[in-house]
Structure formats: structure tokens, C-alpha cells
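The values are calculated or read from the model by the stated rules, or taken from the named source; none is laboratory data. Please read these numbers as outputs of a predicted model, since none were measured by experiment. Cβ placement follows ideal geometry from the backbone for every residue including glycine, while neighbour counts extend to all protein chains displayed.
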Amino acid sequence: MAIVSFLSRMTIHADKEHQFVDACEARSEKVLAHEPVCLYFRFYKLREEPLGYAVFESFLTEEAEEAHQKTDYFLKIVPGLVECLDGPYVREYLDPLRG
């Protein structure tokens with residue numbers, strides 16, 4: 001069993017910030033309430049980037065992360081998040097220091 005963890009960084013359009021934050025909160029609420037194999041899921045505002053945000057996600061398995069992307073609420077909420085993005089997002093996978 002391999003835990004899957006990653007940080008996704010993104011920049012959003014200034015006029016979409018309120019929409020983005022609302023969608024992030026709705027998504028977080030659904031994930032935490034309905035995905036027990038999600039170990040951690042939280043959005044952050046990047047302190048040094050005025051329109052920068054990040055989400056840290058950690059799942060018990062790769063299959064759990066794949067299932068997360070197929071949930072009804074994911075498919076419903078994510079298009080609203082994507083339209084707020086100003087450019088592509090960058091996903092950085094994280095591995096433990098040891099084993």
C-alpha cells in the first residue's frame with residue numbers, strides 16, 4: 001500500500017477569487033464528509049503570491065485518489081474551479097524521506 005500525496009499550485013483570475021474560494025470550500029466539505037480513505041485535503045492561500053492558491057491532498061492508495069476524481073461532487077464542482085484558473089496548475093507529488 002502506497003500513500004499518494006501531492007501539492008497542486010495555481011493562480012486564479014482576480015475577478016474570480018470569490019467564486020474560487022466558494023468552490024474550494026464546497027469541495028473540501030464533500031471530500032472530508034464522504035471519503036474516509038482521504039487522509040488529508042485542504043486548500044491554502046499562498047502568502048507570497050496575491051492570486052496564488054494551493055491544495056494539499058493525501059490518499060491512502062492510488063485507487064482512492066482515482067476514485068476521488070470520479071465522484072459526482074468532484075465532477076460537478078471542478079469545472080467551476082477550472083474556469084477560475086489563470087493558466088495551468090502544477091501538481092507536485094511528494095514521497096516520504098524514507099520508505
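When region 1-50 is filtered for residues that are of a type in the set (D, E) and under 19 Å from D72 (Cα atoms), the ones remaining, listed by number, are D22, E25, E29, E35. Apart from one condition, F41 fits all of (1) in contact with a Phe, Trp or Tyr (Cβ under 8 Å, 6 or more places away or on another chain); (2) buried (at least 17 other Cβ atoms within 10 Å of the Cβ); (3) touching a residue at least 24 places away in the same chain (Cβ under 8 Å); the exception is (3).
Taking helices (runs of 4 or more DSSP H) as the structural unit, no element lying wholly within region 8-99 holds at least 1 residues that are modelled with pLDDT of 95 or more, within 15 Å of the chain's Cα centre (by Cα) and among the small types (G, A, S).
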